[in-house]
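These notes concern the structure reproduced below.
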Amino acid sequence: MIQFLFNAFLISAITYLYMTVLKSYLLSEWFQFGFKKFGKYEGTWKEYLYMPIWGCQYCFAGQFALWSFIILFDCYHVFLHLGFIAVSILFTKIIYDRTKDY
């Protein structure tokens with residue numbers, strides 16, 4: 001259980017780093033590319049590519065948790081998988097709420 005929570009927290013920390021620090025400095029051109037090619041087209045199929053990669057920290061955390069669960073854990077259980085995604089998104093929400101004022 002500790003490994004489960006630690007991995008979910010690690011995904012949340014990586015999401016925070018990607019969507020705040022790296023977005024502003026190192027990967028600013030990557031995020032500009034994403035907005036120019038996919039972000040302007042709200043209501044189209046391009047929005048479904050934009051949101052989980054560039055646009056929404058919770059969507060990114062959910063996608064990251066979705067795919068990393070398969071790699072991190074050797075046994076598969078659908079409720080654990082859904083719980084892992086939910087806990088990762090919850091930790092991301094907690095981190096963003098705590099650092100919002102800074």
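Could you work out the helix-only [θ] at 222 nm for the chain, with each DSSP H run of four or more residues adding -39,500 (n - 2.57) and the total divided by the number of residues, to the nearest 500 deg cm²/dmol? Mind dumping the intermediate values first?
Values: 5 runs with 65 residues, N = 102.
Calculated mean residue ellipticity at 222 nm is -20000 deg cm²/dmol.
Could you please state how large a percent of the accessible area of the chain is carbon and sulfur, counting protein chains only and using a 1.4 Å probe? Don't jump to the answer; show the numbers that get you there.
Working: 4930 of 7170 Å².
Carbon-and-sulfur percentage of accessible area, whole number: 69.
Which of the lysines could be linked to Lys40 by a straight reach, that is with a Cα gap under 18 Å, when you skip same-chain ones fewer than 8 residues away?
Lys23
Any idea how far apart Cys75 and Phe6 come out in nm if each label point goes 7 Å out from Cα toward Cβ?
Each label point is offset 7 Å from its Cα along the Cβ direction, giving 1.9 nm.
If you filter segment 1-50 for chymotrypsin sites (Phe, Trp or Tyr not before Pro), then keep DSSP loop positions with at most 15 other Cβ within 10 Å, what is left? Don't skip to the end; give the middle numbers.
Numbers: sites: Phe4, Phe6, Phe9, Tyr16, Tyr18, Tyr25, Trp30, Phe31, Phe33, Phe35, Phe38, Tyr41, Trp45, Tyr48, Tyr50; in loops: Tyr25, Tyr41.
Those satisfying the criteria are Tyr25, Tyr41.
Given a 1.4 angstrom probe, what's the average accessible area per residue across segment 10-102, in square angstrom?
Working: 6420 Å² over 93 residues.
Result: 69 Å² per residue.
Mind listing P(r) for the chain? All alpha-carbon pairs, 5 Å bins, whole percents.
Reading upward from the zero bin: 2, 13, 21, 20, 17, 15, 8, 3, 0.
Indicate the gyration tensor shape class of segment 53-102 (rounded, prolate or oblate), computed on the Cα atoms with a ≥ b ≥ c the square roots of the eigenvalues: a/c under 1.5 is rounded; otherwise a/b larger than b/c is prolate and the rest oblate.
Numbers: a/c = 3.05, a/b = 2.04, b/c = 1.50.
Prolate.
Work from the charge dipole of segment 19-69 (Cβ charges, +1 for Lys and Arg, -1 for Asp and Glu, about the Cα centre) and give the residue of Gln57, Ser28, Phe69 farthest towards its positive end.
Ser28
Report the Cys residues of the chain lacking a disulfide-compatible partner, meaning no second Cys Cβ under 4.7 Å from their Cβ.
Flagged as lacking a Cys partner: Cys75.
The values are calculated or read from the model by the stated rules, or taken from the named source; none is laboratory data. Nothing here was measured: the structure is a model prediction, and the numbers come from that model. A quick note on method: Cβ atoms are made from the backbone with ideal geometry, for glycine too, and the neighbour counts reach across all protein chains shown. Areas reflect the complete protein model, heavy atoms only, side chains present, ligands, DNA and RNA absent. Shrake-Rupley method; radii C 1.70, N 1.55, O 1.52, S 1.80 Å.
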